[in-house]
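Just below is one structure, and these are the notes that go with it.
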Amino acid sequence: EAELERLARSAEQSHARLNAAIESLQDGFAYFDADDRLVLCNERYRGFFPLSAAIMVPGVQFEDFFRHALAQGEIPEAVGREEEWLAHRMALHQQPAGTMELRLRDGRWLRIFERQTPEGGRVGLRVDVTAIRDAEQRLNAIITGARIGTWEFDCRRGTTRINEQWSQMLGRPHIADPEVNADLWARILYPGDFDNIQTLLREARDGQRDAVEIELRLRHAFDHVLGHVRDV
């Protein structure tokens, strides 16, 4: 009996330390078991959904919690299409690993990270990225106001993300899908310039250089040359 009491006290102390550690996190944390029922979460997690915080207690199912949050209007992007949004959210939740961003009712933005545990449960982090989102919006406003065309190349996927100003500078209509593949570069770049930038990007990808700066000749939609466009 004395040994059982000692083990019980040790388990209680370990549980208390775990709760204290979770509560000290600046991000929201939650753990759901293999049956998708809440085991524990911190107050930061509950605080992101104030109208549904009361039902976020051990035993509540992940789907039931979100149905309550949707009914309370805590997810603005889902208003009017709640079932569709929930189906997409549940599909993401069931993946071994997932990341998404979510705008809250008060205007804040969360970046959500979820990972499956070895026993089939799930742990999740909710990170407030509102400041990052605001900075991105200010930067986009500056880029738009300065009429700067931008492109971002994904070395792993081989795709390029462009902005609308970049399309307009080349006399092309706005592309619905901002991601384009290498075929576009092959069509609008002069052959020598295309070879040069491929070499430079390959060197940057392989770690041989930290940055790439080059002046290119791009072919306008009306078949004239837009000269000396500098890409960095």
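The values are calculated or read from the model by the stated rules, or taken from the named source; none is laboratory data. Since this is a predicted model, take the numbers as computed values, not measurements. Heads up, the Cβs are rebuilt from the backbone with ideal geometry, glycines too, and the neighbour counts pull from every protein chain shown. For accessibility, only protein heavy atoms count, side chains too; no ligands or nucleic acids. Shrake-Rupley method; radii C 1.70, N 1.55, O 1.52, S 1.80 Å.
Residues being of a type in the set (A, V, I, L, M) and at pLDDT 75 or above: count how many of those fall in region 198-232. Going through region 198-232 one residue at a time, the tally reaches 8.
If only residues of region 148-171 that are farther than 22 Å from His220 by Cβ and of a type in the set (D, E, K, R) are counted, the one that is least open to solvent (accessible area, probe 1.4 Å) is Asp154. For the structure I just gave you, tell me whether His68 is farther than 27 Å from Ala131 by Cβ and at pLDDT below 90. No; evaluated as a whole, the condition is false for this residue.
Filtered by the rule that a residue be in contact with a helix residue (DSSP H, G or I) (Cβ under 7 Å, 6 or more places away or on another chain) and in contact (Cβ under 8 Å) with a residue 24 or more places away in the chain, region 28-55 gives Gly28, Phe29, Ala30, Phe32, Asp36, Phe49. In region 111-134, the residues that are within 20 Å of Ile75 (Cβ to Cβ) and touching a residue at least 12 places away in the same chain (Cβ under 8 Å) form Cβ pairs under 8 Å with partners that are outside any strand (DSSP E or B) and open to solvent by 70 Å² or more (accessible area, probe 1.4 Å), at six or more places apart or across chains, as follows: Glu114/Gln95; Arg126/Arg44. Within region 130-138, not a single residue is of a type in the set (A, V, I, L, M, F, W, C), modelled with pLDDT of 90 or more and closer than 16 Å to Phe62 by Cβ.
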